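Reviewing the structure listed below.
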Amino acid sequence: MLLLAFVSLFIFSCKDDDDNQDFDTYSQVRDATGTFTSPDFTLSMDISIESTDVVLVYRRVGNVWQIIPKTYYLDDVQNYPTGRELDYDFDFNTQEVNIRTSANFNQLSQMSPAEATQYLSNQTFRVVLVPASAAKGTSTVDTSDYNAVIKYYNLNDSNVKNVKVN
């Protein structure tokens, strides 16, 4: 009987349910607005997450949020190179998220003013900080669908803090 009590102590004390839930991260939503400028075409935003957590970034396009990374194929316009591609991408660590554009052309001199306004000026990004467990495939949330992410993590996005970045 004493042996059974001793063994049961170890069974309950070694329970590991961290694979299903992440109790140290609270999902958050923030907006970052800024203009991409030379030389690095990067917007940086301070964050604070655990090293195992994940950042999702969406770009406002009209009235919808579109996940990045995303590539845009710009129209062929007279006096500009053909086959122009503009990419939005991001990286992050526990303290910062960096959103950037890159292109297969010179973003300063080979974009029309209308294109620069549409793709570089006053851009708004929604940054969603989430526990890593869901992003590792342990859930069925479609991270490319902003509304599905908000619903899955039960986030209130009606009054999101907007930070000007540059």
- [ ] Report the local net charge at D31: Lys and Arg +1, Asp and Glu -1, summed over other residues whose C-beta lies under 14 Å from its C-beta.
- [x] +4
Open item on the list: Give me the net charge for the shell around Y73: Cβ to Cβ below 13 angstrom, other residues only, Lys and Arg +1, Asp and Glu -1.
Closed with: -3
TODO: Using a cut-off of 13 Å between beta-carbons, work out the net charge of the residues near K151 (Lys and Arg +1, Asp and Glu -1, K151 not included).
DONE: -3
- [ ] Please work out the ratio of the alpha-carbon Rg of the stretch 72-166 to 2.2 N^0.38 Å and round it to two decimals.
- [x] 1.38
Open item on the list: Per-residue counts of other Cβ atoms within 10 Å, averaged by peptide: what ranking do you get for 27-33, 115-121, highest first?
Closed with: 27-33, 115-121
Open item on the list: Taking the Cα centre as origin and putting +1 on Lys and Arg beta-carbons and -1 on Asp and Glu beta-carbons, what dipole magnitude results for the stretch 43-156, to the nearest 20 debye?
Closed with: 240 debye
Open item on the list: For the stretch 69-117, place one equal point scatterer on every Cα, skip the solvent, and apply the Debye formula. What is log10 of I(q)/I(0) at q = 0.13, 0.33 Å⁻¹?
Closed with: -0.36, -1.34
- [ ] For a quick protection proxy, order the peptides 76-88, 40-52 by their average other-Cβ count within 10 Å, most packed first.
- [x] 40-52, 76-88
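We did not get these values from a lab; they are worked out from the coordinates using the rules stated. Just so it is clear, the structure is predicted and the values come from calculations on it, not from any experiment. Positions of Cβ are generated from backbone atoms using ideal geometry, with glycine treated the same way; all protein chains shown enter the neighbour counts.
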